[in-house]
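Participant: Below is one structure. I have some questions about it.
Just so it is clear, none of the values below were taken in a lab; they were calculated from the coordinates. Because the structure is a prediction, the values reported are computed rather than measured. With ideal geometry, Cβ positions are generated from the backbone for all residues, glycine too; neighbour counts draw on all protein chains shown.
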Ligand code: 2RA
């Protein structure tokens, strides 16, 4: 299969290439695409150099699949041009996620909504993916009433410049390019992306809106606070969930243990719980600190960690492509 990777030089694009290779995705021709200034340079895939081409050249090659991670504006401009020539686009930007005509997919939850005419498919936000991987199975059994989530997000979610800022600050180099409004080292910024008129950030709005579309359930309420922390291995989330129905805590843990793509790490007596240091480079969504909330009935607290560049972005996108392949849609 001819596969274009748009944004191939970015952090997510590079992980997409890694995941495609790890999962032995059947690529007959790899078409790396990046900004005009990168055209002619090369990316490495499975030990070989592949020249970066322009968007127009990539479209002319008529790829069956295009994995996009190049920002919303680029996706809005170019994804339709790929799609109108029959390419399936899986887009990691926020451009299409809440478009009612586009599917927003976490394969373990709602891949079945995909059809052959879905030529632009939205990959959810990283912090959304790890959250719904845990919320969905619980909702099916215990009927969620309300969710309160606070995130502790890796600088890798912002991109390479943010990682460079953190590493420079750790090294004591105050001259590094500032991506954030403040130092991130020894700090926690209660701002991921820009604020809206209600003083919520775009990241918080994604967390509050995307889960309902993916889970196909508008009956529960969800509020979020997204925080950036000086971490690189993945996003962490503290989640409080109130259910309509009573639950047995052991049943909740057993349910999550039997959920594909979720790994329970919950043995506090031995200090076993999810951490970004552990999740980095893995595709599972790790959940722990699962405990009843004594402040109100039918409510529990838990802690979710995942590598935001993998299951939170690249791996989920490749899994969508694998689903399309498995159903002979592509
Ligand atoms: C972030 N989820 O972490 C956003 C975009 N990757 O900044």
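Participant: Over the range 127-308, what is the relative contact order in whole percent, taking alpha-carbon pairs under 8 Å and six or more residues apart?
Facilitator: Once normalised by length, the contact order is 29 percent.
Participant: Quick check: the angle from helix 11-22's long axis to the longest principal axis of the chain, C-alpha only, nearest 10 degrees?
Facilitator: With rounding to tens, the tilt is 90 degrees.
Participant: Okay, moving on. Gaussian network model of the chain, Cα springs within a sub-10 Å range: biggest mean-square fluctuation belongs to which of 208, 198, 11?
Facilitator: The residue that fluctuates most here is 198.
Participant: Among 209, 97, 291, rank each residue by its count of other Cβ atoms within 10 Å, from fewest to most, as a rough exposure measure.
Facilitator: On the way: 209 17, 97 22, 291 14.
Going from least to most buried by this count: 291, 209, 97.
Participant: According to the Kirkwood expression over distinct Cα-Cα pairs, how big is the hydrodynamic radius of the range 16-68, in Å?
Facilitator: 11.7
Participant: Related question: Helix-derived [θ] at 222 nm for the chain: sum -39500 (n - 2.57) over DSSP H runs of at least 4, divide by residue count, nearest 500?
Facilitator: -9000 deg cm²/dmol
Participant: Another question about this same structure. Can you tell me what percent of all Cα-Cα pairs in the range 250-330 are more than 21 Å apart?
Facilitator: 41
Participant: Same structure again: Mind checking the angle between helix 72-83 and the chain's longest principal axis? C-alpha axes, 0 to 90 degrees, to the nearest 10.
Facilitator: The answer is roughly 60 degrees.
Participant: Which of 32, 80, 107 moves the most in a Gaussian network model of the chain with Cα springs under 10 Å?
Facilitator: Largest GNM mean-square fluctuation: 80.
Participant: Now, a different point. At a 10 Å Cβ-Cβ cut-off, how would you order 126, 192, fewest neighbours first?
Facilitator: Ranking 126, 192 by Cβ neighbours within 10 Å, fewest first, gives 192, 126.
Participant: Angle, helix 160-170 long axis vs. longest principal axis of the chain, Cα atoms, 0 to 90°, nearest 10?
Facilitator: 60
Participant: When the chain is fully extended, how far beyond the present Cα-Cα distance does residue 42 get from residue 272, taking 0.36 nm per residue of separation?
Facilitator: Stretched out fully, the residue 42 to residue 272 stretch lengthens by 78.6 nm.
Participant: Just need log10 I(q)/I(0) for the range 1-137 at q = 0.09, 0.22 Å⁻¹, Debye formula, equal scatterers on the alpha-carbon atoms, no solvent, rounded to two decimals.
Facilitator: So the normalised log intensities work out to -0.25, -1.45.
Participant: So for the chain, averaging the separation of alpha carbon pairs under 8 Å that are six or more residues apart and normalising by length, what relative contact order in percent results?
Facilitator: It comes to 18 percent, rounded to a whole number.
Participant: If you average 1/r across every pair of different Cα atoms in the chain and take the reciprocal, what Kirkwood value do you get, in Å?
Facilitator: 20.5
Participant: Among 86, 234, 13, whose mean-square fluctuation peaks in a Gaussian network model of the chain (Cα, cutoff 10 Å)?
Facilitator: 86
Participant: Report, as a whole number in µm² per second, the diffusion coefficient that Stokes-Einstein gives for the range 183-330 at 20 °C and 1.002 mPa s using the Kirkwood radius over alpha carbon pairs.
Facilitator: Roughly 124 µm²/s, to the nearest whole number.
Participant: Which whole-percent values make up P(r) of the range 159-244 when all C-alpha to C-alpha distances are grouped in 10 Å steps starting at zero?
Facilitator: Going out from 0 Å in 10 Å bins, the range 159-244 shows 15, 39, 29, 14, 4, 0 percent.
Participant: Counting other beta carbons within 10 Å of each residue's own, what order do 199, 293 fall into, fewest first? Before the final figure, lay out each step's value.
Facilitator: Values: 199 7, 293 14.
By the 10 Å Cβ count, ascending: 199, 293.
Participant: P(r) of the range 77-178 in 5 Å steps, Cα pairs, percent per bin?
Facilitator: Going out from 0 Å in 5 Å bins, the range 77-178 shows 2, 10, 15, 15, 14, 13, 11, 9, 6, 3, 1 percent.
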